[in-house]
Amino acid sequence: MTRTTGPDIVELDRIAVQESLRVVGLAQEADWERDTPCAGWTLRRLVAHMAAQHYGFAAAARGAGREAAYWREPEDMSEPGRTYRGAATTVLAAFAEPGVTEREFVLPELGAGFPGRVAVGFHFIDYVVHAWDVAAALGVGIGLPGHVLDVALTVARRVPTDPAGRGPGFAFAPVLDGPAGLAPLDEALRLLGRDPEKWPPAK
């Protein structure tokens, strides 16, 4: 599916996860029932999904990706910010272990095992997009550095665009066309089915 070479994908992923932590931390109690760019999901549900993916990828990094329990959404989402911080801390610690990019990650949702570098790349692009999802729901911008967004665009361009693998039940919606010359983040979002024009930051 995707592959990144050259850049330190673990470090890029850490930056994306830290930005997701920052924007989740902006949410107030009244915000958790807001709509998000993930159709049908409130912010609370989106953050539950994000937490589950962190725990699942952390388990995969440690050889336990086949165990379904690690991929389940937390039952208690009464304190979404706190729950999310715990999950993010777990995956960052797992990815920081020596040799993680050389391990095999079993990812049940994709039905296969993948080299660690490729699997961390999947996680990276998910959390660039999910950081934006949260920020969009809150009406704020994200602050990812240019070099991170450049790599995110490279990864997004490698995600298969076959309509049979896009839409409800899949990680990404169908590709949205856009004008030439888009900024890297806007192009990456459109390639992954998000429409940034529908979710502009508040002025």
Original post:
Working out 0.36 nm times the residue gap between Ala173 and Ala96, then minus their Cα-Cα distance, what length gain in nm do you get to one decimal?
Top reply: 24.7 nm
Original post:
For the chain, which whole percent of the accessible surface, found with a 1.4 angstrom probe, sits on carbon and sulfur atoms?
Top reply: 53 percent
Original post:
Quick one: Karplus J couplings for segment 8-17, per residue in order, coefficients 6.51, -1.76, 1.60, θ = phi - 60°, nearest Hz, x for Gly and Pro?
Top reply: 6, 5, 5, 5, 4, 5, 4, 4, 5, 5
Original post:
Taking the mean number of other Cβ atoms within 10 Å as a proxy for protection, how do you rank 8-20, 68-80 from highest to lowest?
Top reply: 8-20, 68-80
Subject >> Given charges at Cβ of Lys, Arg, Asp, Glu: the chain dipole, positive-most of Val47, Phe105, Ala68 >> reply: Phe105
**OP:** Count the net charge of all other residues whose Cβ sits under 15 Å from the Cβ of Val47, scoring Lys and Arg as +1 and Asp and Glu as -1.
**Re:** -4
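Using unit Cβ charges (K, R positive; D, E negative) and no other charged atoms, how large, in debye to the nearest 20, is the dipole of the chain about its Cα centre?
160 debye
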Subject >> 12 Å beta-carbon shell around Gly99, net charge (K/R +1, D/E -1) >> reply: 0
Original post:
For the chain, which semi-axes, largest first and in whole Å, follow from the square roots of 5 times the eigenvalues of its Cα gyration tensor?
Top reply: 23, 21, 16
Subject >> Heavy-atom surface of the chain, accessible at 1.4 Å and reported per residue (Å²) >> reply: 48 Å²
Original post:
Does segment 93-203 come out rounded, prolate or oblate, given a ≥ b ≥ c as the square roots of the eigenvalues of its C-alpha gyration tensor, rounded meaning a/c under 1.5 and, failing that, prolate meaning a/b above b/c?
Top reply: prolate
Subject >> Quotient of Cα Rg and 2.2 N^0.38 Å for segment 1-119, N being how many residues it contains >> reply: 1.08
Subject >> Dipole magnitude (debye, nearest 20) for segment 54-162, charges at Cβ of Lys, Arg, Asp, Glu >> reply: 240 debye
**OP:** Please name whichever of Ala135, Ala59, Pro80 sits farthest to the positive end of the charge dipole of the chain, dipole taken about the Cα centre and charges placed at Cβ: Lys and Arg +1, Asp and Glu -1.
**Re:** Ala59
Subject >> the chain, relative contact order in percent, only Cα pairs under 8 angstrom and at least six apart counted >> reply: 26 percent
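The values are calculated or read from the model by the stated rules, or taken from the named source; none is laboratory data. These numbers come from a predicted model, not from an experiment. Every residue, glycine among them, receives a Cβ derived from its backbone with ideal geometry; neighbour counts consider all protein chains shown. In case anyone asks, the SASA skips ligands and DNA or RNA and just uses the protein heavy atoms, side chains included. Shrake-Rupley method; radii C 1.70, N 1.55, O 1.52, S 1.80 Å.
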